[in-house]
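Input: a single structure, listed below in structure tokens.
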């Protein structure tokens, strides 16, 4: 049960956005820009970064929902998501994506953990400024989202099918601000 009175039965950040739409809309707009807007990183890669950081933060709602969205977006390569969450370094993702996920993992701990060597390693594997920027901003944003969801104890479903449905919705529709129904 959430610590505040949110719409009953609405999971995760959606309930919090519905509780306070004037703060929720900018958060959803930011998620839409970061995860669906123009970027040299694919939508699947960006969702995977969000899922990975959320997994490291032990935020079940965000890690499960964004992993589900990433699986949908990866299509036939959906096993990449579970491989990364199980053991990123031994996953079948590209070396460049591993370097970016490594940076995201450092941001999850503390932004100052990212070193010039981490950036140089990502660049050596082909990462450009925009990919590095987007990775760091997604990681930082999801640290905030994770703390928002967990800090208010929003509803976190345990049924994997619920997340599968969320993943399809996120993959197909993106981040559309939920409407309050009266």
Could you tell me whether the range 64-76 includes any residue that is farther than 29 Å from residue 16 by Cα and either at pLDDT 95 or above or out of contact with any strand residue (DSSP E or B) (no Cβ under 7 Å at 6 or more places or on another chain) (or both)? yes
If you check residue 104 against the conditions, is it over 16 Å from residue 56 (Cα atoms), at pLDDT 95 or above and either in a helix (DSSP H, G or I) or within 15 Å of the chain's Cα centre (by Cα) (or both)? no
What pairs come up if the first residue lies in the range 149-178 and is assigned to a loop (DSSP other than H, G, I, E, B), the second is exposed (fewer than 11 other Cβ atoms within 10 Å of the Cβ) and modelled with pLDDT of 95 or more, and their beta carbons are under 9 Å apart, counting only those six or more places apart or on different chains? 152/3; 153/3; 154/3
Filter result for residue 82 (without any contact (Cβ under 8 Å) to a residue 24 or more places away in the chain, in a helix (DSSP H, G or I) and surrounded by 12 or more Cβ atoms within 10 Å (Cβ to Cβ)): yes
Residues in the range 43-58: is at least one surrounded by fewer than 17 Cβ atoms within 10 Å (Cβ to Cβ), within 25 Å of residue 154 (Cβ to Cβ) and within 15 Å of the chain's Cα centre (by Cα)? yes
Considering residues of the range 32-42 that are under 21 Å from residue 85 (Cα atoms) and touching a residue at least 60 places away in the same chain (Cβ under 8 Å) only, the residue surrounded by the most Cβ atoms within 10 Å (Cβ to Cβ): 35
If a residue has to be under 23 Å from residue 69 (Cβ atoms) and either buried (at least 18 other Cβ atoms within 10 Å of the Cβ) or without any contact (Cβ under 8 Å) to a residue 12 or more places away in the chain (or both) to count, how many in the range 12-31 make the cut? 13
If we scan the range 63-72, do we find a residue that is outside any helix (DSSP H, G or I) and either touching a residue at least 60 places away in the same chain (Cβ under 8 Å) or buried (at least 18 other Cβ atoms within 10 Å of the Cβ) (or both)? no
Answer with yes or no whether residue 133 is exposed (fewer than 15 other Cβ atoms within 10 Å of the Cβ), under 16 Å from the mean Cα position of the chain (by Cα), without any contact (Cβ under 8 Å) to a residue 40 or more places away in the chain and over 19 Å from residue 60 (Cα atoms). yes
State whether one or more residues within the range 107-118 are surrounded by 15 or more Cβ atoms within 10 Å (Cβ to Cβ), within 15 Å of the chain's Cα centre (by Cα) and more than 20 Å from residue 170 (Cβ to Cβ). yes
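The values are calculated or read from the model by the stated rules, or taken from the named source; none is laboratory data. Please read these numbers as outputs of a predicted model, since none were measured by experiment. Cβ atoms come from the backbone with ideal geometry, glycine included; neighbour counts cover every protein chain shown.
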